[in-house]
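Reading through the structure tokens given below for one structure.
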Amino acid sequence: MAYRWKNTLTAKDATPYSAFLNRRQLMAGLAAGGIAGSLPFGARAQEALEPNTWEEITTYCNYYEFGTGKEDPARYADALTIEPWTVRIDGLVDKPGDYSFSDIMSQMTIEERIYRFRCVEAWSMVIPWNGFELADLLNWVGVQSSAKYVAFETVLRPDEMPGVAYPVLDWPYVEGLRLDEAMHPLTIMATGLYGRDLPKQNGAPMRLVVPWKYGFKSIKSVVRITLTEDEPPASWNVANPREYGFYSNVNPEVDHPRWSQATERQIGSGLFAKRVPTLMFNGYDEVAGLYEGMDLRESF
Ligand code: MTE
């Protein structure tokens, strides 16, 4: 597996894990060295980003297949079998098939991406993902010219997932992106966290991460990727189209019908932390061109 370091702020590769955890000094050092200024991806949004702790990222989760409590995924996801793992890639692709996770990993270049992560529930974290660009995977299987969307599906295993006994959503969890969103270099399939394998509660062995969209678009434990001509169903949009749109771009000006999206609570900032303003596209302005000419209040 090859590594490329496009936008790391941490030089984690050359740093023992214990030192990596001592990130305050590390981040301060890198900022002083001016590295952040030359970052090609999400550079502005990454300025002064300090990742949340391993503990925070892995114990405050949403993975409803394991229960709706924030701590349920960490408690129950251990039961999920992730070896072997196969991803079916089908629809409008040149090389449809069942690809093993290890086959995919052998073809992809893993890099670190420190991204803001903004949940529709108005909390946020900063997460140091490891993963590969979804575009690389899609190019590897060959996208046909008629494809316009990408559909994703999470594994469904009632024996291993206590939460699917409840009809919170229409299982399996499904999501979708427009093809240009899926091909954008910010869009990754995450396979790790802090340089370690992705924990099961965070969507092992691989999950989507689309940093300019609300977190629910970042579907976990993906077993199927289908290229389609028509807009695919997305679980929360299907469950409540008035509250959750297909696009779900982070947008401080479009409130959720039941709460404001103007500010967010940064997880880990303490009990009495003040809320900070939410940024358009979660700060990833480079995606704005994808939505030129669209009314983002209507297409929310
Ligand atoms: N994917 C699946 N399959 N099931 C889920 O319940 N929750 C979503 C998203 N992906 C979810 C999912 C929501 S609402 C959020 S905010 C993020 O995962 C949470 O990711 P994290 O727990 O790794 O922070």
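Just one of the listed residues (Pro73, Pro16, Pro51) is over 24 Å from Glu160 (Cα atoms) and either in contact with a Gly (Cβ under 7 Å, 6 or more places away or on another chain) or at pLDDT 50 or above (or both), and it is Pro51.
Note on the range 261-280: residues that are of a type outside the set (S, T, N, Q), within 15 Å of Cys119 (Cβ to Cβ) and either over 22 Å from the mean Cα position of the chain (by Cα) or not in a loop (DSSP other than H, G, I, E, B) (or both) total 4.
Among the residues of the range 269-289, those identified as surrounded by fewer than 16 Cβ atoms within 10 Å (Cβ to Cβ) and not aromatic (Phe, Trp, Tyr) are Ser269, Gly270, Leu271, Ala273, Lys274, Arg275, Val276, Pro277, Asp285, Ala288, Gly289. When Arg258 is tested against (1) within 16 Å of Cys119 (Cβ to Cβ); (2) in contact with a helix residue (DSSP H, G or I) (Cβ under 9 Å, 6 or more places away or on another chain); (3) surrounded by fewer than 12 Cβ atoms within 10 Å (Cβ to Cβ), only condition (2) is not met. Take the conditions (1) in contact (Cβ under 8 Å) with a residue 12 or more places away in the chain; (2) under 19 Å from Trp123 (Cβ atoms); Lys274 misses just one of them, which is (1). Of all residues in the range 103-162, those satisfying the criterion of being farther than 21 Å from Arg224 by Cα, away from the ligand (no atom under 11 Å from the Cβ) and among the charged types (D, E, K, R) are Glu111, Glu112, Arg113, Arg116. Going by the structure shown, is Asp197 without any contact (Cβ under 8 Å) to a residue 12 or more places away in the chain and among the acidic types (Asp, Glu)? Judged against the criteria, Asp197 is a match. The single condition among (1) over 18 Å from Phe117 (Cα atoms); (2) in contact with a Gly (Cβ under 8 Å, 6 or more places away or on another chain); (3) of a type outside the set (A, V, I, L, M, F, W, C); (4) within 13 Å of the ligand (Cβ to nearest atom) that Ser235 does not meet is (2).
Within the range 222-234, is there a residue that is crowded, with 22+ Cβ neighbours inside 10 Å and basic (Lys, Arg)? The answer is no, given that none of the residues of the range 222-234 is crowded, with 22+ Cβ neighbours inside 10 Å and basic (Lys, Arg).
Of all residues in the range 199-230, those satisfying the criterion of being more than 9 Å from the ligand (Cβ to nearest atom) and in a loop (DSSP other than H, G, I, E, B) are Ala204, Pro205, Met206, Val210, Pro211, Trp212, Glu229, Asp230. Of the residues in the range 175-188, at least one is buried (at least 22 other Cβ atoms within 10 Å of the Cβ), away from the ligand (no atom under 12 Å from the Cβ) and among the hydroxyl-bearing types (Ser, Thr, Tyr). Residues in the range 61-73: is at least one of a type in the set (A, V, I, L, M, F, W, C) and surrounded by fewer than 19 Cβ atoms within 10 Å (Cβ to Cβ)? Within the range 61-73, not a single residue is of a type in the set (A, V, I, L, M, F, W, C) and surrounded by fewer than 19 Cβ atoms within 10 Å (Cβ to Cβ). In the range 178-197, what count of residues is obtained for those that are part of a loop (DSSP other than H, G, I, E, B) and under 12 Å from the mean Cα position of the chain (by Cα)? Qualifying residue count for the region: 2. Here Pro51 fulfils each of the conditions (1) within 18 Å of the chain's Cα centre (by Cα); (2) under 22 Å from Ile225 (Cα atoms); (3) not aliphatic (A, V, I, L, M) apart from (2). Being in contact (Cβ under 8 Å) with a residue 40 or more places away in the chain, basic (Lys, Arg) and away from the ligand (no atom under 12 Å from the Cβ), is that true of even one residue in the range 252-270? Scanning the range 252-270, I find at least one residue that is in contact (Cβ under 8 Å) with a residue 40 or more places away in the chain, basic (Lys, Arg) and away from the ligand (no atom under 12 Å from the Cβ), so the answer is yes.
The values are calculated or read from the model by the stated rules, or taken from the named source; none is laboratory data. Source: prediction; values computed, not measured. All Cβ positions, glycine included, derive from the backbone under ideal geometry; neighbour counts span all protein chains shown.
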